[in-house]
């Protein structure tokens, strides 16, 4: 592929003014072409400021940038692919401010996490939470957080300006049982990756950058409490590369109450897809369900940490996903080195059947003690 010609095309196309533009992802077929492009691009960007907004996604040999809607890559067919850089949103429904509830949250109790704490607390397991950031000042999270990264503003910490990411982090690894709340894996480490804005919205390219960062920083688990209706080859490629690197990707199925469909990326087989249950151990009415679901976990009226040291009750498959990520952290601390495929198999053979005559028989609700037992066999 003629990289110089492609770079000239990109420079001229990005410099076009007065045209409607949208975010695009351009993937290179060959590693050598991508390497040459990055080298030439870094030199050209100093002379042509229009090229500077290009984002590199090394994990999938791609870039993202804004291009005119009419732009096509017909002159470079075979060497590069292009797809729209779609918007993706966090998964939750109702939000309700709550006073601090003393004791262990019901979801943490329901999956039997406290019974496992004499065996494992998730010590040294790193969980990348790709979300809206986290409240670094929350007293229940201080012991559980590392610096992470802010993909929307690299010069700042990934501070949460929405609340969703803080809620997820609290369920996974809050560690303040005496004065606050406790999560499922209180000695696990959260690496917050801020890819979502204050509205809980992100571009697929930012998710891919987050996955790339997690893989390079050797996280064990990535929590993905978000989704979209359309398939993205670029996102699948990034998740497949993470999976092949041994990273467990846990994804929420979506809140549309659908019986035969789940959102992407939970629909990809390289993820562990999660549906939500309620206190009665039934599938929550809002939860997507069906054969694409690998495991169910508590997701209805979940109490957890919130901004400015507060607490909120939230519902959604997002909340269920954080229970599963925490449980896998307990498992990995106890049995290091399990592959993503082995962990999925353990979850699928250790679930508790759901309460309902119509409940599916091929999956059920997360049970930490049964999960740990299945890992021994």
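Details
- Pairs of Cα atoms nearer than 8 Å and 6+ residues apart set the relative contact order; for the chain it is 18 percent.
- Cα gyration tensor shape of the stretch 184-275, rounded if a/c is under 1.5, else prolate or oblate by comparing a/b with b/c: rounded
- The ellipsoid equivalent to the alpha-carbon distribution of the chain has semi-axes of 38, 21, 19 angstrom, derived from the gyration tensor eigenvalues as √(5λ) and listed largest first.
- Isotropically averaged projected area of the stretch 271-377, using the convex hull of Cα atoms (one quarter of hull area), nm²: 7.3 nm²
- Cα-Cα P(r), the stretch 185-337, percent of pairs per 5 Å interval: 2, 10, 18, 22, 22, 16, 8, 2, 0
- Structural size metrics of the stretch 330-371, computed from C-alpha coordinates, are Rg and Dmax of 11.8, 38 Å.
- For the stretch 64-150, the Cα-based Rg and Dmax, in that order, read 21.8, 64 Å.
- Peptide packing: for 333-341, 122-130, 166-174, the average count of neighbouring Cβ atoms within 10 Å per residue gives the ranking 166-174, 122-130, 333-341, highest mean first.
- Distribution of pairwise C-alpha distances over the stretch 3-85, 10 Å bins, in %: 18, 58, 23, 1
- Helix 31-44 and the longest principal axis of the Cα set of the chain meet at an angle near 70°.
- The ratio of the alpha-carbon radius of gyration of the stretch 133-246 to the globular-protein estimate 2.2 N^0.38 Å is 1.07.
- C-alpha long axis of helix 317-334 to longest principal axis of the chain, angle in °: 80 degrees
- The alpha-carbon positions of the stretch 1-149 define a convex hull whose volume is 221 Å³ per residue.
- By other beta-carbon atoms within 10 Å, ranking 239, 3, 343 with the fewest at the front produces 3, 343, 239.
- Here the residues 178, 90, ranked from fewest to most Cβ neighbours within 10 Å of their Cβ, fall in the order 178, 90.
- Axis angle, to the nearest 10 degrees, between helix 204-216 and the longest C-alpha principal axis of the chain: 70 degrees.
- Each of 10, 366 has some number of other Cβ atoms within 10 Å of its Cβ, and from fewest to most they run 10, 366.
Read-outs: derived from the displayed coordinates by stated rules, not from any lab. Keep in mind it's a predicted model, so treat the numbers as computed, not measured. Neighbour counts run over all protein chains shown; Cβ positions are idealised from the backbone, glycine included.
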